[in-house]
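No lab work stands behind these numbers, since they all come straight from the coordinates. What you see is a predicted model; the values in this text were computed from it and never measured. Quick reminder, even Gly has a Cβ in these numbers, built from the backbone with ideal geometry, and neighbours come from all protein chains shown.
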Amino acid sequence: MTIIASLLRAAELPDSPTARLDAELLLAAALGKSRSYLHTWPEKIVSSEAALAFSDFLLRRRGGEPVAYILGQQGFWKLDLEVAPHTLIPRPDTELLVEAALELLPATPARVLDLGTGSGAIALALANERPAWQVTAVDRVPEAVALAERNRQRLGLDNATVLSSHWFSAVDAQRFQLIISNPPYIAASDPHLAQGDVRFEPASALVAGADGLDDLRLIIAQAPAHLEADGWLMLEHGYDQAEAVRELLSAQGFSDVHSRTDLGGHQRISLGRLSC
């Protein structure tokens, strides 16, 4: 079977709005080639070994398993990251946190804390962009800590540190110019938890109580003890939670509280500055 015939067959993947892209990523991985190779050599014959691997990938994808978990990797910002089922898959929406953080603080030395780092996506993207920053990434899941550390080492980011910590438990009295987080923020009863890729992602990284705000409340309440004067707290949240998060920030004494919108026009992150 040729490459193009394989892709046409695979593009029939059900329930995927990105069926063609999924098929290209999976076939390229099975062949050990880039996606551009598929378009350059569409009439190449697929070996039996690659065909078997591709068929296995398709079977898993048709069962709903995310492509990132099948391949064990996901692009985020400018990085290629190892991912695994015990962490969330980094998503383009979360790049808004990185973009906002880079705009907020200069490229001069600063201490930054990433809470609930998962694969390390946010922390490592910031460390890669700002060599003068010292970025601490924490997670309470041992497998996530190990994964983020593997990504850090592979990328050679010596200005990042990965620690095991349940939110602030391991950072003691340290203070930071910026605390950033993409915490769990989905309500336990949200029907989206039974749909799409999130069915395969860890519930502990998604669900935060009856209204989805439990972890956001905790972080906002505890962050002032770990921020420098005029330090910033920046949080990703659900598309309909911006007002509630701004109210929590204001009630905790943060100033310059505001939200920023993602490419879909949703208020996806909110932030505030610790008043002096």
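Residues in the stretch 114-126: is at least one under 20 Å from residue 263 (Cβ atoms) and surrounded by fewer than 20 Cβ atoms within 10 Å (Cβ to Cβ)? No: zero hits.
Scan the stretch 246-269 for residues that are among the basic types (Lys, Arg) and assigned to a strand (DSSP E or B) and report the count.
We begin by selecting, within the stretch 246-269, every residue among the basic types (Lys, Arg); these are 246, 260, 268.
Among the residues that remain, those that are also assigned to a strand (DSSP E or B) are: 260, 268.
So the count comes out to 2.
Looking only at the stretch 63-118, residues that are in contact (Cβ under 8 Å) with a residue 24 or more places away in the chain and in a strand (DSSP E or B) come to 11 in all. If you check 137, 125 for being closer than 26 Å to residue 274 by Cα, in a helix (DSSP H, G or I) and not charged (D, E, K, R), only one passes: 125.
Inside the stretch 36-50, can you point out the residues that are surrounded by 14 or more Cβ atoms within 10 Å (Cβ to Cβ), of a type outside the set (Phe, Trp, Tyr) and over 31 Å from the mean Cα position of the chain (by Cα)? The answer is 44, 46. Only residues that are under 17 Å from the mean Cα position of the chain (by Cα) and either more than 20 Å from residue 75 (Cα to Cα) or not in a strand (DSSP E or B) (or both) were counted in the stretch 143-161, giving 11. Selection of the stretch 246-272 for residues being surrounded by 13 or more Cβ atoms within 10 Å (Cβ to Cβ) and touching a Gly at 6+ places or on another chain (Cβ under 7 Å) yields 249, 254, 257. Residue count for the stretch 227-245 satisfying the condition of being surrounded by 22 or more Cβ atoms within 10 Å (Cβ to Cβ) and assigned to a helix (DSSP H, G or I): 1.
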